[in-house]
1. Once both labels are modelled 7 Å past Cα along the beta-carbon direction, what's the LEU140-ALA294 spacing in nm?
2. Using a/c under 1.5 as the rounded threshold, could you call region 189-280 rounded, prolate or oblate? The axes a ≥ b ≥ c are square roots of the C-alpha gyration tensor eigenvalues, and prolate needs a/b larger than b/c, oblate otherwise.
3. For a 25 Å ceiling on Cα separation, which of these pairs sit above it: LYS208/LYS247; LYS85/LYS208; LYS172/LYS247; LYS172/LYS212?
4. Label-point separation (nm) for ARG81 and VAL26, each offset 7 Å from Cα along Cα-to-Cβ?
5. What does the charge add up to near GLU280, with Lys and Arg as +1, Asp and Glu as -1, over the other residues with Cβ less than 12 Å from its Cβ?
6. By counting other Cβ atoms within 10 Å of each Cβ, how are LEU134, LEU232 ranked from fewest to most?
7. Can you put LYS172, LYS95, LYS324 in order, fewest other beta carbons within 10 Å first?
8. At a 10 Å Cβ-Cβ cut-off, how would you order ASP82, ASP188, fewest neighbours first?
Amino acid sequence: MDSITKLLTSRDFLIAVLAAISVAAVVFTLGAQFLVRSDMKERIKRVALERDKLRAAEMARLRNPQSGESRGTARREDQSRDYMKRIVERFSLQKAFVDEGTVDALARAGYRGQGHLTTYLFMRFATPLVLGALALVYFLFMMAGERPLFLNIVYAAGVGLVGAYMPILMLKNQTSKRQQSIRRAWPDCLDLMLLCVEAGMSVEHAFKRVAKEVGQQSAALAEEITLTTAELAFLEDRGRAFENLGKRTGLDGVRSVMTALIQADRYGTSVGQALRVMAEEGREQRMMEAEKKAASLPPKLTVPLILFFLPVLFIVIISPALIKVFSTGVHF
């Protein structure tokens with residue numbers, strides 16, 4: 001036991017472990033570019049569940065609101081695991097961690113329904129406890145030294161406090177990736193929508209057609225547009241469907257287009273003209289972003305140029321002269 005502890009706490013072993021982790025991270029980062037993982041089936045399944053939920057809610061509202069509410073609740077409860085649900089209800093985690101923007105934040109990351117909310121609350125509760133316990137075991141047994149017990153407990157509590165923010169950081173990371181995918185595909189989606197509307201399609205059919213076409217470029221945007229198509233078919237107010245799309249994406253460009261569509265639908269103005277104006281603004285904004293990135297490129301290249309290019313250039317220029325000088329037998 002002492003030899004294992006000495007091995008785990010030795011500096012060479014820790015350096016080797018960190019080096020192995022770094023190499024594995026580099027290999028995984030480079031290899032992930034060649035392994036295209038498609039989760040289209042899972043997205044289609046979630047869209048189908050949301051569509052069925054909307055249909056059941058609207059039919060229940062027209063027939064019997066109480067039975068529809070209980071049916072929708074039973075369907076949502078089946079999505080979460082039992083032990084997570086019991087822990088969340090036992091410790092009243094929904095009152096402690098849920099605020100007005102939690103559900104919207106989960107929706108922006110692509111997580112909808114009560115099951116994902118329960119999983120998120122469970123992770124926020126369990127992650128600091130698990131990391132704190134592991135850190136306490138590590139400091140007490142594997143990094144045992146002359147430190148007092150309360151100092152090890154303080155260190156473990158610090159690790160647990162840092163771990164409490166891990167679910168939030170992971171949620172923000174997933175949200176940023178999803179928004180980046182939607183942001184890249186949104187101008188093309190807007191142009192396709194404009195073509196469909198000017199060709200004589202209705203807004204519902206235009207959304208449905210664009211969702212099929214844009215799925216190869218951005219599966220997240222196709223999922224959101226498909227949900228909007230379902231909401232346009234089942235919701236009583238069309239403006240709510242447009243507002244929900246802007247709220248789920250969390251992007252200002254999408255919100256502005258949805259606001260224009262709501263105004264066009266409310267006041268009877270031309271939808272094609274509104275989409276044309278928004279498409280032109282989207283193209284101008286994309287060109288401005290490209291010019292901004294191009295303008296920021298020279299300052300970013302200064303440090304790599306000094307560190308990598310200039311030394312190699314000096315070596316290539318000076319090496320022939322040095323080789324000729326030393327080959328003639330000249331000594332300094």
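Here, each number is a calculation from the coordinates, and none is a lab measurement. If you're wondering where the values come from, they're calculated on a predicted model, not measured in any experiment. Every residue, glycine as well, gets a Cβ built from its backbone with ideal geometry; the counts of neighbours run over all protein chains shown.
1. 6.2
2. Verdict is rounded for region 189-280.
3. Among LYS208/LYS247; LYS85/LYS208; LYS172/LYS247; LYS172/LYS212, the Cα-Cα distance tops 25 Å for LYS85/LYS208; LYS172/LYS212.
4. It is 3.6 nm.
5. 0
6. Sorted ascending by nearby Cβ count, the order is LEU134, LEU232.
7. Ascending number of Cβ neighbours within 10 Å: LYS95, LYS324, LYS172.
8. ASP82, ASP188
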